[in-house]
Amino acid sequence: MNLWFHRISRPLVSEICQRIITDERKKLLAGNPAGSLTQLIEKISEECSQVYNRRIRGVINATGIILHTNMGRSPLAASVWQEAATVNTTYSNLEFNLQTGKRGSRGGLIPDLLSLLTKAESALVVNNNAAAVFLMLSALAGDKEVIVSRGEQIQIGGGFRIPDILALSGCRLVEVGTTNITTTEDYLNAVSPDTAMALSVHPSNFVIAGFTAKPTISDLSSNLPEGVILAVDQGSGVTTEQISGETPIIRHIQDGADLVCFSGDKVLGGPQSGIIVGKKKLIEKMSSHPLMRIFRPGKTILSLLEEFLIRKLNKEETGHTELILNLPEKELKSKAQKILRGLNRECFSIVPATMLAGGGSSPLKSLASWAIKISLNRKATDILKQLREYDPPIIGIINEDSVHLNTATLFPEDTAHIRNALKSLLSGNKP
């Protein structure tokens, strides 16, 4: 039981033991035969294992989706985490001005670093991009009209719907254009004395293709009346990275967007956060809004993001997504060959595959990759389940009734784990 004490806590193990023993006692009183002590311990261990699987743990991502939202999106560089460790294990100057000795503002160097990275006047950080959108609408357009193209009234994972968010923030949605065609004139014709903002929304996880058109940010910036805020929900967090189909934040700023918001843990590669960059007076207004107290990040996120941005501006390796997308195809195949060296190639083979950026970035843009195909006389769902039971769990996909482990999203240290798991699959041993 000591193992489970460490993994899920002594009180939780004790609760599981009491529940299972109580159930066994009821069975005995009902006249059912008693199981052995070994069977009882196995049942307790199995229940502890199921509870342990709910704990937040590291996993091996063999799906080929780089920014997998269900697996925490972009992994942070270990060096960034280690550098920020001291700040998080002692007291810090989170809101203390070391020059005056009085209360200071939260954020450290982050606004300056983000301004340098995006060429914006100022910046603000909140918990996530959903909070960033909600804060922009509430602080700058509450009780007023916000113009959104019909083709951009999207829903993303978790039920986040643009029309619902506008309603919750107190804004009045003004729909313009059609699903596939929206023009600059559509926006201008919709402007009224009550218009506070025109919101351009990143489509995230879908693409409208074919007979389509929409105005550029430059077109809108040049034609919208003064006083109407042009805000862009860029979403994916592309800054200096070269991601096909994605417009970098700096381009939106250069094209005249007043505000751009995006996720810190997608393509950018930092910790989970929502980032807003743009005009200083608008950032200041949002900073002083009561909702900012609710949405502000804690010292862990801020210290990690600060360290991350310093490294990014110094052009050190931080961009997990860009790094993987730029890996040579032969290197991805070499990973698979290294894993399978000496293993039965009738059971495991190397097959062509594709990888995706994920996280709502370039949803239809895939790149070539390689995968290990598992060919055993067993159901693919059973194989996937067994792989998830390893420590660390291995998460693959099913393609044409076979389990595939995509090499694009594997770290170097994953190789030995996967190799051992494949050996266990062959021998029939449980993890």
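At a glance:
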{"quantity": "Contacts under 6 angstrom Cβ, first residue in segment 283-309 being assigned by TED's automatic domain parsing to the domain that holds LEU135, partner small (Gly, Ala, Ser) and surrounded by fewer than 17 Cβ atoms within 10 Å (Cβ to Cβ), 6 or more apart", "calculated": "LYS299/SER92"}
{"quantity": "Residue in segment 1-36 that is farthest from ARG388 (Cα to Cα), counting only those that are in a helix (DSSP H, G or I), modelled with pLDDT under 90 and of a type in the set (A, V, I, L, M, F, W, C)", "calculated": "LEU29"}
{"quantity": "Positions within segment 378-431 being small (Gly, Ala, Ser) and more than 16 Å from PRO352 (Cα to Cα), in sequence order", "calculated": "ALA380, ALA416, ALA421, SER424, SER427, GLY428"}
{"quantity": "Selected residue (criterion: surrounded by the fewest Cβ atoms within 10 Å (Cβ to Cβ)) from residues of segment 183-205 that are under 20 Å from GLY235 (Cα atoms) and in contact with a strand residue (DSSP E or B) (Cβ under 6 Å, 6 or more places away or on another chain)", "calculated": "ASN205"}
{"quantity": "Condition check for LEU98: modelled with pLDDT of 95 or more, among the aliphatic types (A, V, I, L, M), loosely packed, with under 15 Cβ neighbours inside 10 Å and in the same structural domain as HIS252 (by TED's automatic domain parsing)", "calculated": "no"}
{"quantity": "All positions within segment 287-340 that are among the acidic types (Asp, Glu) and part of a helix (DSSP H, G or I)", "calculated": "GLU306, GLU307, GLU322, GLU329, GLU331"}
{"quantity": "ALA198 vs. criteria over 17 Å from ILE110 (Cα atoms), of a type outside the set (Val, Ile, Thr) and in contact (Cβ under 8 Å) with a residue 40 or more places away in the chain", "calculated": "yes"}
{"quantity": "Subset tally (residues that are in a helix (DSSP H, G or I) and either under 21 Å from ASP194 (Cβ atoms) or modelled with pLDDT under 90 (or both)) for segment 213-243", "calculated": "3"}
{"quantity": "Hits in segment 402-422 - residues which are surrounded by 18 or more Cβ atoms within 10 Å (Cβ to Cβ) and either part of a loop (DSSP other than H, G, I, E, B) or touching a His at 6+ places or on another chain (Cβ under 8 Å) (or both)", "calculated": "THR407, ALA408, THR409, LEU410"}
{"quantity": "Condition broken by LEU332, with the remaining ones in (1) surrounded by fewer than 18 Cβ atoms within 10 Å (Cβ to Cβ); (2) outside the structural domain of ILE250 (by TED's automatic domain parsing) satisfied", "calculated": "(1)"}
{"quantity": "Contacts under 6 angstrom Cβ, first residue in segment 16-39 being without any contact (Cβ under 8 Å) to a residue 12 or more places away in the chain, partner not small (Gly, Ala, Ser), 6 or more apart", "calculated": "ALA34/LEU28"}
{"quantity": "Odd one out for ARG311 among (1) modelled with pLDDT of 95 or more; (2) in contact with a helix residue (DSSP H, G or I) (Cβ under 9 Å, 6 or more places away or on another chain)", "calculated": "(1)"}
{"quantity": "Criterion: of a type outside the set (A, V, I, L, M), assigned to a loop (DSSP other than H, G, I, E, B) and surrounded by 14 or more Cβ atoms within 10 Å (Cβ to Cβ) - qualifying residue of SER74, SER105, SER138", "calculated": "SER74"}
{"quantity": "Given (1) at pLDDT below 95; (2) over 28 Å from the mean Cα position of the chain (by Cα); (3) not in a loop (DSSP other than H, G, I, E, B), index of the condition GLY210 fails", "calculated": "(3)"}
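The values are calculated or read from the model by the stated rules, or taken from the named source; none is laboratory data. Remember, predicted model here, so these are calculated numbers, not experimental data. Heads up, the Cβs are rebuilt from the backbone with ideal geometry, glycines too, and the neighbour counts pull from every protein chain shown.
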